[in-house]
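Any read-out appearing in this document is the output of simple, stated calculations on the displayed coordinates, not a laboratory observation. It should be emphasised that the depicted structure is a prediction, and the values quoted were computed from it without experimental measurement. In this analysis, Cβ positions are derived from the backbone assuming ideal geometry, glycine residues included, and neighbour counts consider all displayed protein chains.
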Amino acid sequence: MRATGYRMPGCTPGDILPEEDESIVCSADFRTGSIRDQSTTPTQKRKVYPAYSIPYPDNNRGSSQVCEIDHLLALQLGRADTISNLWSQCSPGYANWQGPGFRDKDGYENYLWFRVCETGSSAA
C-alpha cells in the first residue's frame, strides 16, 4: 500500500459533533482547544500512521516537521476529535506521499469557516 495523500475511508470515515452547530463554532468564544485531545490520546493518534502504512517520522516538529495527524473534518467547523476522524498528512515526497502538503488543508479549513461564519453558508 502506498501513501497516496488521500484518506482511506476504511481508516478515516470522518466524525461530527451534531451539537456543535454554527451558533457555537461561529461564536467569538469558540476555540478548537475545547475539543482537541478530548477524545483521543497521543498514543491513539500515533496508531494512525501505521494504519496508512506511513512510518512514524523522526524529529517531527518545528522546521523538521514532515507530517501531522489531522482531523479529516475540521474541528473549527464542529467536527469530532475521535479516532475515526483522524488521518495522517505529510509533505510531498515523504514515504511516497503524493497528495498536497499537510499544511495545505489548513487554508481550506479557514476558507470553509469564513464561508460558514461570515457568509452564512452551511457546513453540512
| Considering the values [x] 17.5; [y] 14.6; [z] 15.2, which represents Kirkwood radius over Cα pairs in Å as calculated for the structure under consideration? | [z]
| Under the Karplus relation 6.51 cos²θ - 1.76 cosθ + 1.60, θ = phi - 60°, what is the ordered set of whole-Hz ³J(HN,Hα) values for the range 36-52, x standing for Gly and Pro? | 4, 6, 8, 10, 10, 9, x, 5, 5, 5, 4, 6, 5, 4, x, 4, 9
| field | Cys residues of the chain counted as unpaired, since no other Cys beta-carbon is under 4.7 Å | value | Cys11
| query | Which whole-number percent is the relative contact order of the chain (Cα, under 8 Å, 6+ apart)? | reply | 35
| note | Rounded to one decimal in nm, the spacing of the 7 Å Cα→Cβ label points at Ser84 and Tyr108 is 2.2
| remark: The extension gain from Cys11 to Ser23, computed as 0.36 nm times the residue separation minus the Cα-Cα distance, is 1.3 nm
| note | Mean-square fluctuation maximum in Gaussian network of the chain, Cα pairs under 10 Å, restricted to Arg46, Arg61, Arg79, hits Arg61
| request: List the residues whose amide H sits under 5 Å from the amide H of Phe102, counting only those 5 or more places along or on another chain, with H placed 1.01 Å from N in the peptide plane. | output: Cys90, Ser91
| field | 0 to 90° range, to nearest 10: angle between helix 104-119 axis and the chain longest Cα axis | value | 10
| task | Please report, in debye to the nearest 20, how large the charge dipole of the range 19-124 is about its Cα centre when each Lys and Arg carries +1 at its beta carbon and each Asp and Glu carries -1 there. | result | 440
